[in-house]
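Report on the structure given below.
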Amino acid sequence: MKTNTDFAKFLSRFLSEYLPHERNMSPNTILSYRDTFVQFITYMRDVQKMRIEKLTLEKLTRQIVLEFLAWIQDKRNCCVSTRNYRLAAIHSFVQYLQYEDIVHLEQWQKILSVKAMKAEKKSINYLTVDAIKLLLEQPDTTTAKGRRNLALLALMYDTGARVQEIIDLTPGSINIAGTPYTIRLFGKGRKYRIVPLMEEQVNLLRKYLEENNLMEEYRLRHPLFFNNRREKLTRSGVAYVLKTYTEMARIINPELIPETVSCHSLRHSKAMHLLQAGVNLVYIRDILGHCSIQTTDIYARADSKQKREALEKSYTDLIPKSDENCQWERNQNLLEWLNDFRK
């Protein structure tokens with residue numbers, strides 16, 4: 001930052017030193033935190049009429065934070081989850097300030113007392129097995145781009161990978177030289193995980209690797225999926241690929257393809273299909289890279305089909321049966337009235 005205020009000094013240290021080196025935060029998380037403070041500085045400039053060179057730590061109060069969060073929701077039309085994420089970034093900064101600027105310790109504790117809002121839980125958006133099959137039939141495999149897109153979407157679904165995990169893949173991440181076939185994903189929390197690959201997926205990947213000479217030693221660190229400039233795809237680029245084929249699939253069968261399909265929908269779809277196939281939640285947790293089984297448990301709560309089948313299997317008919325006619329059937333007056341009803 002160009003200013004010399006204490007706010008600028010501590011914020012620059014927080015983003016460039018504390019988060020990457022002491023907390024080992026991923027670059028994506030740091031960028032997201034940066035975006036929070038870009039919005040905060042914009043709010044202070046446009047709403048509070050305070051120039052950035054006059055912005056000091058004393059101005060970072062509990063009331064200002066609450067007003068900033070309200071501005072995010074009311075003026076920028078952000079949802080509750082976005083509001084809570086901005087608050088989490090501010091909390092992280094203030095927790096850092098507790099040890100770096102103890103003079104304002106009471107001020108920081110007041111900000112930490114601001115609670116996250118309870119967000120409405122949305123239903124999981126996922127595709128059926130038939131919908132995934134229809135989606136993967138859309139790329140034109142007579143073209144190089146179509147073959148790349150098929151390999152991309154199939155791998156994203158089969159591994160349940162996040163978008164960034166797919167983007168960051170290199171040929172060196174894939175082990176298809178011999179069984180067991182696996183792929184190594186670098187995910188949230190800067191953690192690696194190994195995900196098994198099925199034979200059909202391996203065949204598709206092997207053809208893609210051979211076509212693009214990605215099995216050569218000098219290409220092992222090259223992006224696995226790349227654009228015309230041989231640069232790795234962006235998040236928006238992958239989203240565009242998915243949108244293109246979902247729209248094509250929706251024209252063929254609009255009832256099968258939901259109106260909203262995101263890259264994360266493929267991840268949700270894989271998790272739900274594994275669960276419906278009887279795979280243990282612990283294994284699904286490991287495949288998805290969740291830290292806790294409680295995170296993975298949302299799929300079990302969302303699967304109404306499995307709930308119904310489980311209830312049907314465990315149901316015991318406790319209602320006594322009788323061979324005699326029901327009492328209302330023996331009541332001729334009632335029976336006559338019902339027979340004459342609405343004649």
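The values are calculated or read from the model by the stated rules, or taken from the named source; none is laboratory data. Keep in mind the model is a prediction, meaning the values are calculated, not measured. Backbone-built Cβ (ideal geometry, glycine too); neighbour counts: all protein chains shown.
Criterion applied to L209, L197 was being in the same structural domain as R267 (by TED's automatic domain parsing), crowded, with 20+ Cβ neighbours inside 10 Å and among the hydrophobic types (A, V, I, L, M, F, W, C), and the one residue passing it is L197.
Among the conditions (1) within 24 Å of G189 (Cβ to Cβ); (2) surrounded by 12 or more Cβ atoms within 10 Å (Cβ to Cβ), A8 misses just one, which is (1). Taking the condition in the same structural domain as N213 (by TED's automatic domain parsing), out of contact with any Ser or Thr (no Cβ under 6 Å at 6 or more places or on another chain) and either surrounded by 15 or more Cβ atoms within 10 Å (Cβ to Cβ) or acidic (D, E) (or both), does Q164 pass? Taking the combined requirement at face value, the residue satisfies it. Contact map, the stretch 175-201: first residue at positive phi, second residue in a helix (DSSP H, G or I), Cβ cut-off under 9 Å, separation 6 or more or different chains; the map is empty. Among the helices (runs of 4 or more DSSP H) lying completely within the stretch 109-168, list those that include at least 2 residues that are free of Cβ contacts under 8 Å to residues at least 12 places away in the same chain. Answer list for the stretch 109-168: 144-159.
Scanning the stretch 180-194 for residues that are surrounded by 14 or more Cβ atoms within 10 Å (Cβ to Cβ), aromatic (F, W, Y) and within 14 Å of R162 (Cα to Cα) yields a total of 1. Within the span defined as the stretch 230-238, every residue fails to be crowded, with 16+ Cβ neighbours inside 10 Å, hydroxyl-bearing (S, T, Y) and within 19 Å of the chain's Cα centre (by Cα). Could you please let me know if R221 is under 22 Å from C263 (Cβ atoms) and basic (K, R)? In short, no.
Residues in the stretch 201-215 that are of a type outside the set (S, T, N, Q) and modelled with pLDDT of 90 or more: V202, L204, L205, R206, K207, Y208, L209, E210, E211, L214.
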